[in-house]
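I have placed the structure first, in the form of structure tokens, so that the comments after it can refer back to it.
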Amino acid sequence: MFRVCLVLSLAVLGLITASASAATTVMACGSKYRQHPSSCVVGSDGSTAGTARLSSLRWTGWSKNTATAKGRQSANHRERDGSLPRYRTTVQVSGLDFCDGRSYYTQIRFKTSWPDTRARYSEWLSLRTPCS
């Protein structure tokens, strides 16, 4: 009887561990949550001046503690021809939080190659989650 209980306990623990590791990992992009998004609009303070418009993102390490993407970030100003200039950027997300059957990244930072500046990572900014 003891062996049967032990085997059943281990099986249940194995199922719990498997389901937790198979959880979907997402991040906030505007008003939606997305899994390894190819484009995303992230606001740091709710104003358009603090908005990062990201595109052409290619992710590595998604679902790990820190995931990194390379892509483009659009400037918040228009050129004379009306276009928004786009610059190379590296994006990192971190701070996994598990809630409602999903893992959510809670922090983001950028390293963008703006003209006439040396590219450096920004400070970590908070990403919203339904649990925060």
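The values are calculated or read from the model by the stated rules, or taken from the named source; none is laboratory data. Owing to the predicted nature of the structure, the values given are computational and were not obtained by experimental measurement. Note that each Cβ is placed from the backbone with ideal geometry, even for glycine, and that neighbours are counted across all protein chains shown.
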Flag if Thr24 is at pLDDT below 95, of a type in the set (S, T, N, Q), within 21 Å of the chain's Cα centre (by Cα) and closer than 18 Å to Thr106 by Cα
yes
When (1) modelled with pLDDT of 90 or more; (2) of a type outside the set (S, T, N, Q); (3) part of a strand (DSSP E or B) are applied to Lys64, the one that fails is (3)
Inside region 77-87, the number of residues satisfying the requirement of being part of a strand (DSSP E or B) and either in contact (Cβ under 8 Å) with a residue 40 or more places away in the chain or on the phi > 0 side of the Ramachandran plot (or both) is 0
When (1) surrounded by 19 or more Cβ atoms within 10 Å (Cβ to Cβ); (2) modelled with pLDDT of 95 or more are applied to Gln73, the one that fails is (2)
Inside region 88-132, the number of residues satisfying the requirement of being surrounded by 17 or more Cβ atoms within 10 Å (Cβ to Cβ), of a type in the set (Gly, Ala, Ser) and part of a loop (DSSP other than H, G, I, E, B) is 0
Taking region 107-128 and the residues there that are of a type in the set (Ser, Thr, Tyr) and over 14 Å from Lys70 (Cα atoms), the one that is farthest from the chain's Cα centre (by Cα) would be Thr117
When you check Leu54 against the structure, is it farther than 16 Å from Ser122 by Cβ and of a type outside the set (Val, Ile, Thr), yes or no?
no
So, first residue in contact (Cβ under 8 Å) with a residue 60 or more places away in the chain and small (Gly, Ala, Ser) in region 97-111, second residue crowded, with 17+ Cβ neighbours inside 10 Å and not in a strand (DSSP E or B), Cβ within less than 8 Å, six or more apart or across chains; the pairs are Ser103/Ser63
